[in-house]
1. Just to be sure I understand the filter: pairs with C-beta atoms under 8 Å, separated by 6 or more residues or on different chains, first member in region 283-300 and without any contact (Cβ under 8 Å) to a residue 40 or more places away in the chain, second member open to solvent by 20 Å² or more (accessible area, probe 1.4 Å). Which pairs pass?
2. Would you check if Asn220 is of a type in the set (S, T, N, Q), at pLDDT 85 or above and in a strand (DSSP E or B)?
3. Among the residues that make up region 464-472, is at least one of them surrounded by fewer than 19 Cβ atoms within 10 Å (Cβ to Cβ), over 30 Å from Pro371 (Cα atoms) and in contact with a Gly (Cβ under 6 Å, 6 or more places away or on another chain)?
4. Answer with yes or no whether Phe202 is at pLDDT below 80 and in contact with an Asp or Glu (Cβ under 9 Å, 6 or more places away or on another chain).
5. How about region 418-441: which of its residues are assigned to a helix (DSSP H, G or I), over 39 Å from the mean Cα position of the chain (by Cα) and among the aliphatic types (A, V, I, L, M)?
6. Taking the criterion of being at pLDDT below 85 and assigned to a helix (DSSP H, G or I), would at least one residue in region 16-30 satisfy it?
7. Going through region 275-298 one residue at a time, which ones are outside any loop (DSSP other than H, G, I, E, B), of a type outside the set (D, E, K, R) and at pLDDT below 80?
8. Can you pull out every residue in region 114-142 that is assigned to a helix (DSSP H, G or I), at pLDDT below 85 and open to solvent by 30 Å² or more (accessible area, probe 1.4 Å)?
Amino acid sequence: MARSTAVDAKTARSGAAQQLVAISYARVSTGTQASDDTSGIERQEIAIQQWLRQHPDYELDREIQHVGSGAKAGRFEWFIDELQQGRLPQGTCLVVEKMSRLGREELDDTFETLIRIFKAGGALAVCSLAGGQVLRSLSSQQGAVYQLAGAIDAARGEWEERRDRKRGSDAMKRRMIAEGAKPFKARAKGKRCASYPFWLNFNEKTKEFETNDHHHWVRNIFLWAQEVGAPTIARRLAEQGVTQVTNRRKPLSTSHVTTLLRNRAVLGERQHLTSKRQASGEPVPGVYPPIISTDEWRLAWVAIDARNNKQAPVAHRQLRNLFEGRIFCLHCQGRIGYCTSRCTLASGERKVYYYLRCNTRFKDRAGCPTPHRPYEEDRLLERLHTFRWAEYFNDARHDADVAAARDRVLAAEGKVAEAQQTIQRLQQAEDDFIAQGRAWPVRLEDQRSEAERDLLTAEADANVTRAALDALRRRRSGKEAQKAIQSRVAAFMASDRTDVETRQQFNRWLFAEGIVVAFDLINDRFELGTGKVSPQGLLLELDQQLEDAVAFGIPVEEFREFIETRDRAVAAQLTPPH
């Protein structure tokens, strides 16, 4: 883009018909450089002002500041057009500080542009070249032309060297990230841009990320997306005073909200980008601390897809089943849904009854033998409130979970080391073949390709296990966890439970905490815990020990059968179809 602070050409030349005209041209590669007081713009303008003092026969017509790459063509079409159309007098001189500010194109391309400028009647002066001599063609002043050619070639070489260094640096950074390292730097004071999400800060001493105040409203975007579209979300954020990160005077637009909803960095993943801001390769999991759960991401996008397909708006659901998406059948691991039954009493009064039903049975009566059960919200809430969370999240158990997660990290890192050793061994073998003048066998090349794929997989697994370990270390335990959960449940029970927004917020909280209910619809018993749910909506894991089940009246054999059935369901999902 260009900024022109011009004195009108006609006014500037009135009364001075013989006065020659000059145009100052300064360029930087980025907007940050342009806005920085210490950037090259000021240095370039000083050099050009000095040139004007040394050439008093020239009068400045305008100053042009351009922000963009010097390797792109077409930046001087405006100059050529104004010369050809007579809006600039013949002989108008374009003044630049040095050749790299004019451009970094290939030699032939730059000469072609200069020839077009000269044929249109323009001239060029480079402050650092031949004493700022004015060039009007390539056929005169041969010494200056030779210097010009050398400067063009040097500018292009400098650009290519910087580009190659940047590519090498990016490649090294990607390898380090894949290996679990964090080659990031703390955000500079007063700066808002960094190579990681704006809702995170990086501590160079601890080598860890920390969330900042932005993460609260970013998380709200995904929670609200389960109910309303991007325009409504943008309006809500504006009402709360949330502004753009890079321009605090402007509110977030609908397009900003949509972009954030597609950003998987909220899940902890890092997507490498090319210089043109296009995705490069698959996202790397476990690089950042996640600020939303996979369930929250999935629910947001289920709602977005429903709105895009013009299905019934999610925002108007009354959420009769407070535990929607978090209550599962103990017998088939499928979701338990909600239904109503209406009848007319002898008195003529219309009565509505509310039930829980297994969705698997609803779709296929032979799929699950469970009956309907009355929906008793108070009973579920009371159990949630009085559940022995302190024992469930006890310190010993938390320590055991952390130890188990640490073992998984060590095992994953062991696989990474094993794959690295295999690649090193094959690389050494290749070096030996070359030293002996022998051809590198195709089968060994295939082995190396397979080992490199194994390394990428192992590194991704290691990142995921590290992220899980970090999450466990941050998780509350014991009485602290119990107090937090009981306070949240008590607050909801004391609120207006008929309010749709209040019910939706509580349901989202269940997702965020990972709390699930496994309901035995046959014997009218249920168990609480934290669990994992498959994308197909099946309960894959109920984090509850058998002895805890016994303490709450569930027979060991019955619960063990549930565990075995669940494991078979998981195995079936993980087994690829024939």
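1. Pro283/Arg264; Pro283/Glu269; Pro283/Arg270; Pro283/Gln271; Thr294/Leu267
2. no
3. yes
4. The answer is no for Phe202.
5. Ala429, Ile434, Ala435 - these are the residues of region 418-441 that are assigned to a helix (DSSP H, G or I), over 39 Å from the mean Cα position of the chain (by Cα) and among the aliphatic types (A, V, I, L, M).
6. Checked region 16-30: no residue is at pLDDT below 85 and assigned to a helix (DSSP H, G or I).
7. Ala279, Val284, Thr294
8. Result: Ala130, Gly131, Gln142.
The values are calculated or read from the model by the stated rules, or taken from the named source; none is laboratory data. The structure presented is a predicted model; accordingly, all values stated were derived computationally and were not measured. With ideal geometry, Cβ positions are generated from the backbone for all residues, glycine too; neighbour counts draw on all protein chains shown. The area values use the complete protein model at the heavy-atom level, side chains included, leaving out ligands, DNA and RNA. Shrake-Rupley method; radii C 1.70, N 1.55, O 1.52, S 1.80 Å.
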